Amino acid sequence: MFKIFVINIGSSSLKVAVFEDSAEIWSVTKRHDPEKIKSFPTVYEQIGFRMEAIDEVIAERQVDFSVIDVIACRGGFCKPLESGTYAINDALLDDLKHSRWGEHAANVSPFCGKILSERYNKPAFYTDPVSVDEFMPESYITGIPGIRRICKVHALNHKAVARYAARELGKPYGECNFIVAHMGGGITVAAHRKGRMIDACSPAEEGPFCIDRPGQLPNIMLLDYIFASGKSRDELYRELSTRSGIIAYTGMTDLIQIEDKAMNDKNIALLLDTMAYRIAFYIMGYLAAFDGEPADAVILTGGMAKSDWIVPAITKRIEPYAKILIYKGEFEMQALAEGAIRVMSGAEEAKVY
């Protein structure tokens, strides 16, 4: 039996938990003042501030690291790599320090994991960062040589629920074909073929529109919109990454509130139905990635998997073609703990960045 100390740093939050094997003993979520976060010129410069928050939790919970076996943390935006659990090393930290593959609050987590590892003399690992890339060759090509598709998805939760589904079906993950739809603030749909995530849509680039992103757009209309808008690149980037989708039509970002309004507003109801249709559309499209083999299941997960509006609207379109499994919410903390357990138990060997 292993005890795991898990840290997951978000854009304005910190999640800390202790697990005993895959069972959560306790967890804490701390919210940070967004203005305080904005005061740091770079993510790298947040390390001291983030460590103070972690140390507050350690003190409040009186964590005894003599009984902790391993530290698990969220991976950052790093180079494309295979799924698995990795030891934190200098090559990773150097890439994250200089944001070579993108800047995100998650980039701080491995630094904090390294500090705790050295302080308490415990191993530290990260599992399935967002840059997991197992695409098949056909998945990269776009039709324009200068534009290459990338794999940037919620890999940690994708892989976790795929493993849970395989276990539920009594099969190894490496023998299963799954379509996984992670439906949270961003929506990512991916084809998992025989244990590898071989195609997926990034919420920042394509896929269904969601709460605050537009998803795939008509190319020529988008060009016309850009040139007619008079907006700068930064303004358009913010619009396309945080101010499009349902929020652009309603001004709302809370799904519960949106669904309540939709009960008496047919236009908002149409937005929800359209989003569900587009999710189903992508799910059905990724069935082609299995080369004629059937899907073992379609998996719906993320915060929207709790919705009594979205889930039935997707299910009615999909259930004639595939078994549907639902894993409500996100399983990132548990997935980080389980990744560390697989290495500590010898079930997997830690990969090297």
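The values are calculated or read from the model by the stated rules, or taken from the named source; none is laboratory data. Since the structure is predicted, the reported quantities are computational estimates derived from the model, not experimental observations. Counting neighbours? That spans all protein chains shown, and the Cβs are built from the backbone with ideal geometry, glycine included. The protein model used for the area step is the full one, side chains on, heavy atoms only, and it has no ligands, DNA or RNA in it. Shrake-Rupley method; radii C 1.70, N 1.55, O 1.52, S 1.80 Å.
Taking the Cα centre of the stretch 221-270 as origin and assigning +1 to Lys and Arg Cβ atoms and -1 to Asp and Glu Cβ atoms, the resulting dipole is close to 120 debye.
Once the dipole of the chain is set up with Lys and Arg at +1 and Asp and Glu at -1 on Cβ about the Cα centre, which of LEU270, ILE220, PHE40 lies farthest towards its positive end? Most positive-ward Cα: ILE220. I need the shape label for the stretch 78-172. Rule: rounded when a/c is under 1.5, else prolate if a/b > b/c, else oblate, with a, b, c from the alpha carbon gyration tensor. It is oblate, given that a/c is not under 1.5 and a/b is not larger than b/c.
Relative contact order, whole percent, for the stretch 136-211 stands at 26, derived from Cα pairs under 8 Å and 6 or more residues apart.
With 0.36 nm allotted per residue and the present C-alpha distance subtracted, the SER99-GLU205 stretch has 36.2 nm of extension available.
Summing +1 for each Lys or Arg and -1 for each Asp or Glu among the other residues whose beta-carbon sits under 15 angstrom from that of ALA91 gives +2. Just the protein heavy atoms count here, and of the accessible area of the stretch 1-128 at 1.4 Å, carbon and sulfur take up 46 percent. Taking amide H positions as modeled 1.01 Å from N, with prolines and chain starts lacking one, the residues under 5 Å from ILE299 and 5 or more places away or on another chain are ILE179, VAL180, ALA181, LEU325.
Could you tell me which residue out of MET252, MET333, ILE283 lies farthest along the dipole of the stretch 213-353 toward its positive end? Charges go on the beta carbon: Lys and Arg +1, Asp and Glu -1, centred on the Cα centre. Final value for the positive-end residue is MET252.
Accessible surface for TYR173 stands near 30 Å², nearest 10, in the context of the full protein assembly shown (1.4 Å probe). Of ILE211, ILE247, the order by accessible heavy-atom surface (1.4 Å probe, DNA, RNA and ligands excluded), from most exposed downward, is ILE247, ILE211.
Near PHE209, once Lys and Arg are set to +1 and Asp and Glu to -1 for all other residues with Cβ below 15 Å from its Cβ, the sum equals -2. Computed with every protein chain present, the accessible area of ASP308 is close to 140 Å² [probe 1.4 Å]. The value of relative contact order for the chain, using C-alpha pairs under 8 Å at least six residues apart, is 18 percent.
Looking at the chain alone, DSSP beta bridges between its own residues are antiparallel in about 60 percent of cases.
The long axis of helix 233-242 is offset from the longest Cα principal axis of the chain by roughly 80 degrees.
Solvent exposure of ARG74, expressed as accessible area, is near 60 Å², computed with a probe of 1.4 Å over the protein chains only. Residues whose amide H lies under 5 Å from that of GLY329, counting only those 5 or more places away or on a different chain, are GLY302, GLY303, ALA305, LYS306; hydrogens are built 1.01 Å from N in the peptide plane.
Couplings 3J(HN,Hα) of the stretch 220-229, computed from phi: 5, 4, 5, 4, 4, 4, 4, 6, 7, 6 Hz, in residue order, whole Hz [Karplus 6.51 cos²θ - 1.76 cosθ + 1.60, θ = phi - 60°; x for Gly and Pro].
With all protein chains in place and ligands, DNA and RNA left out, the 1.4 Å accessible area ranks PHE227, PHE178 as PHE227, PHE178, largest first.
3J(HN,Hα) couplings calculated from phi for the stretch 183-200 with the Karplus curve 6.51 cos²θ - 1.76 cosθ + 1.60 (θ = phi - 60°) are, in sequence order, 10, x, x, x, 10, 10, 10, 9, 9, 9, 10, 6, x, 10, 8, 8, 7, 6 Hz; Gly and Pro show x. Near LEU81, the amide H atoms lying under 5 Å from its own belong to VAL132, ASP133; only residues 5 or more places off or on other chains count, and H is placed 1.01 Å from N. Note: relative contact order over the stretch 64-200, using C-alpha pairs below 8 Å and six or more positions apart, is 23 percent.
Solvent exposure of the chain, expressed per residue, is 48 Å² of accessible area, with all protein chains present and a 1.4 angstrom probe. Computed from backbone phi with θ = phi - 60° and the Karplus coefficients 6.51, -1.76 and 1.60, the 3J(HN,Hα) list for the stretch 300-314 is 9, 8, x, x, 5, 5, 8, 6, 7, 9, 5, 4, x, 5, 7 Hz; x is used for glycine and proline.
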